[in-house]
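Below you'll find the structure, written out as structure tokens, and then a few comments.
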Amino acid sequence: MSTTRNQQAQVATAVGAIVRGLVGGAVGGAVFIVVTMWFFTTMGAPANQPLRVIASIVQGQDALANGTADVWVGWVVHIVLSLAFGVGLALIVRGIPSDGMRAAIGLAYGGALFVVNFLILAPLVFDPLTNANKPFELFAHLVFGSVAVLFMLDYDRSGRSRA
């Protein structure tokens, strides 16, 4: 009987981590895209240009070049990636007992996403991202990780850690 309860507790913990990851990814992704859209407007580009760049991940680089990259496709791709990255982060930090360590991992996770997306994948398979403002993109990805991980901390209302 205790084995079944143990398994049920493990499943509940995993489900809780996934839900936290979905929420964290959604909120972190929302903050990320708003900051990115703001940045693009400060550079004289349309606010929806980041979504067109994101859309070209699935529509192809030619869609960005010829102006057919769809903003709604960009939204869908951005949301799906944000949710997936949020769940990935939640699964990484769920066994970490310290909120401080979880926060540090969230920041590092955002940095790792930047490295993979802009320094590894972009030069290999996605040329439009090679011209991105890398310092800003690093900042935006650090913001994503920092915001997303907030939903994975274990503080109760008194401010004391439950872990």
Keeping all protein chains in the complex and leaving out DNA, RNA and ligands, what accessible area do you get for Phe144 with a 1.4 Å probe, in Å² to the nearest 10?
10
Where in the chain are the DSSP H helices whose C-alpha atoms run 30 Å or more along the long axis and whose mean Kyte hydropathy is at least -1.0?
2-42, 71-93
Any chance you could look up the accessible area of Leu119 with a 1.4 Å probe, heavy atoms only, rounded to 10 Å²?
90
Hey, how many Å between the Cα centroid of region 69-122 and the Cα centroid of region 2-51?
8
Over region 73-120, with every protein chain in place, what whole percent of the accessible area is carbon and sulfur at 1.4 Å, could you tell me?
84
Please list the three semi-axes, largest first and in whole Å, of the ellipsoid equivalent to region 66-141, using sqrt of 5 times the eigenvalues of its alpha carbon gyration tensor.
27, 16, 10
Distribution of pairwise C-alpha distances over region 32-83, 10 Å bins, in %:
30, 53, 17
Along the Cα→Cβ direction, 7 angstrom out, place labels at Leu124 and Gln7. What is the inter-label distance in nm?
3.8
Which value in nm describes the separation of the simple spin-label points at Ala14 and Ala104, placed 7 Å from the Cα toward the beta carbon?
2.9
Solvent-accessible area per residue for region 61-140 at a 1.4 Å probe radius, Å²?
53
Need the full-extension length gain, Ala45 to Gln61, defined as separation in residues times 0.36 nm minus the C-alpha distance. One decimal, nm.
4.0 nm
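The values are calculated or read from the model by the stated rules, or taken from the named source; none is laboratory data. What you see is a predicted model; the values in this text were computed from it and never measured. All Cβ positions, glycine included, derive from the backbone under ideal geometry; neighbour counts span all protein chains shown. Side chains included, ligands, DNA and RNA excluded: accessible areas come from the protein's heavy atoms. Shrake-Rupley method; radii C 1.70, N 1.55, O 1.52, S 1.80 Å.
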